[in-house]
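Report on the structure given below.
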Amino acid sequence: MLVDAMNTTRSGRPALTRPDGTAPRVLVVDDDPDLAEVLTGALRYEGWEVRSAGDGAAALAAARELLPDAVVLDVMLPDTDGFAVLRRLHAVRPGVCVLFLTARDAVEDRIAGITAGGDDYVTKPFSLEEVVARLRGLLRRAGMARSREEGPRLVVGDLVMDEDAREVTRAGELIDLSPTEFELLRFLMRNPRRVLSKAQILDRVWSYDFGGRAHVVELYISYLRKKVDAGREPMIHTVRGAGYVLKPVQR
């Protein structure tokens, strides 16, 4: 394994979002299935939408479907090299950010990557924390925003929460929430597109052990739906057997 497994946990940073409030889209391209799986899992844990590919042809097919905001791209692939893939990627997605993975640390290889249009690189072996940090930097420079960079506001689609004022609006319309409803919605908004179990919600919002209190979560989710989703396309979804997820409405 070429990854430092000690750096696999998320730090609790505010999630990055695209201008429309959806999660960044990232494509991981590496012919080592174990490494690709670990990278994909770590990036999904950041709340990002992630796909993987094991060679250049699969990468281009996935890019046409996903339209990624960033690509983690191995230089050495079984059917071509990462530089050739990058040139074709730019035809599909001109503004895509590219983070090269390379087993070689020669100056010539770094120059080749930048010359080909890459934005950054990491040398194997690397830590997952380093890859995530570099990707976050690239995505921010590309126009992604952290929900708190412009003040204590959480934004998911047309749903906006001002944490200091304790105000919530959807499509500009003020939503009146009880303190518990506010805390539940805040937890959902801090983890957009991530399925949260009843046990996680109880622990975070009520500080309960699970202990058969699932009905409390179900009750307050129903309260939130009546206020947040009433008369609108739903954002709060039930994932049967897993929990609940808050997702922006797709336009």
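Summary table
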| quantity | calculated |
| --- | --- |
| Residues with amide H under 5 Å from that of residue 96, placed H, sequence gap 5 or more | none |
| Added length on full extension, which subtracts the Cα-Cα distance from 0.36 nm per residue, residue 103 to residue 250 | 49.0 nm |
| Proxy reagent accessibility, fewest Cβ within 10 Å first, across 161, 189 | 189, 161 |
| Burial ordering of 201, 236, fewest other beta-carbon atoms within 10 Å first | 236, 201 |
| Calculated FRET value between residue 204 and residue 162, using beta carbons and R₀ = 25 Å, to 0.05 | 0.80 |
| Those lysines that a straight Cα-Cα span of less than 17 Å connects to residue 226, excepting residues fewer than 8 apart in one chain | 247 |
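Taken together, the values in this text are just the output of simple stated rules run on the coordinates, not laboratory data. The structure presented is a predicted model; accordingly, all values stated were derived computationally and were not measured. Glycine gets a Cβ as well: all are built from the backbone with ideal geometry, and neighbour counts include every protein chain shown.
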